[in-house]
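The values are calculated or read from the model by the stated rules, or taken from the named source; none is laboratory data. The structure presented is a predicted model; accordingly, all values stated were derived computationally and were not measured. When the accessible area is computed, the model is the full protein with side chains, heavy atoms only, and any ligands, DNA or RNA have been set aside. Shrake-Rupley method; radii C 1.70, N 1.55, O 1.52, S 1.80 Å.
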Amino acid sequence: MAHKATRHSHLLSGFAILLAAILLTACTSAPQVPESSLPTTTPDASTAPTSTPTTAPTTVPTTVPPVTLPADTTSRPADEYIGTIFTRGQLQDFDNKRKVYWPGFSEDGERPNYARKMQISYRRYNTFFLGDDVKYAYFTIVCKDEQYGIDEEGNQFSYTASMLDTLKRQRVYAVFFVTLDYCKEHPDMVQRMIDEGHAIGNYGTHPVETPTMSVDQIASEITTLHQYVKENFGYTMTLYRPYNGIFSEQTFAVAYSLGYYSLGYSYTCSDGHVDNQPSPDFALRQFEENFHNGIVIQMHNTSSTIASILNDMIGYIQHCEFRTNIFRPY
């Protein structure tokens with residue numbers, strides 16, 4: 001009996017030694033994590049980056065860098081007003097289908113048919129694409145960045161400054177639609193626009209299409225820039241244009257509820273691509289061929305072509321015995 005117990009004890013000891021060897025081999029062969037790669041402190045919510053979105057990333061156009069939008073707040077009360085006209089729930093019920101705006105062409109002085117249809121469809125949201133059917137022309141200039149040219153003496157000049165010089169010389173006034181980045185990077189230019197009697201329009205806080213956003217994010221796009229311009233320039237904006245002409249019915253409804261008038265256009269100079277500018281002769285001819293009553297002209301401040309023909313455009317307007325003014329729908 002004692003012999004059996006001794007044998008059993010030897011078996012257990014052998015098994016223990018084998019198990020210890022296996023464990024030792026596993027530990028020594030496992031990859032080692034360098035101490036320098038380990039966190040020195042426990043992560044704290046208060047130290048997390050403030051720009052981290054609390055919802056899934058919002059889809060943005062591939063032509064612009066991703067931006068961080070305000071958190072989606074669809075969980076807030078549906079009966080809470082956004083602005084003064086519609087509640088959150090009412091705005092969420094509006095169609096948010098992505099629509100691309102193009103005014104169409106004018107023939108023989110006729111007002112573009114698509115622009116007229118759009119004006120009828122969205123007028124209830126204080127949205128305009130044309131002025132009245134009278135001899136008036138309205139300039140609107142989109143400002144997202146700055147571009148520079150070289151004059152005959154070899155000096156660098158801003159296309160925006162050149163346009164402002166021409167407008168001032170001709171005593172013509174325009175609406176300049178600006179973004180938040182433009183206001184922050186070129187405050188002197190924005191202040192000059194205001195000082196010289198032009199209107200500043202809201203082009204949104206970020207370079208993002210509004211149909212990719214929630215109702216609260218659209219509202220934030222408008223109100224963030226609105227507040228910045230008011231606080232830094234003492235100017236209250238009342239005109240809004242959706243970024244890149246991309247919109248939905250919901251976009252216009254939100255702007256309307258926030259007290260804005262949305263302003264599209266009935267003619268665009270096709271000058272938005274800095275590296276693919278139309279020739280001055282072609283651009284001026286197209287403008288003259290599509291000229292019509294109540295024309296709302298869209299141009300870009302980065303256009304070398306517009307900077308060179310703006311004086312001729314104004315001359316043609318005067319030749320047709322039209323008047324120019326800031327577009328005021330109220």
Sorted by accessible surface (1.4 Å probe, heavy atoms of the protein chains only), largest first, 233, 247 come out as 233, 247
Residue separation between residue 282 and residue 318 times 0.36 nm, minus their alpha-carbon distance, gives in nm 11.0 nm
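What is the extension gain from residue 157 to residue 311, computed as 0.36 nm multiplied by their sequence separation minus the C-alpha to C-alpha distance, in nm to one decimal? Present the calculation step by step, with values, prior to reporting the outcome.
Details: separation 154, 0.36 × 154 = 55.44 nm, distance 1.68 nm.
Here the segment from residue 157 to residue 311 would lengthen by 53.8 nm.
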One finds the C-alpha centres of segment 283-300 and segment 147-179 to be spaced, in Å, by 19
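Please give the contour-minus-distance gain from residue 230 to residue 325: 0.36 nm per residue of separation, less the Cα-Cα distance, rounded to one decimal in nm. Kindly include the intermediate steps, with their values, before the conclusion.
Details: separation 95, 0.36 × 95 = 34.20 nm, distance 2.30 nm.
Taking 0.36 nm per residue and subtracting the Cα distance, the gain is 31.9 nm.
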Rounded to the nearest 10 Å², the accessible area of residue 258 using a 1.4 Å probe with every protein chain kept is 50
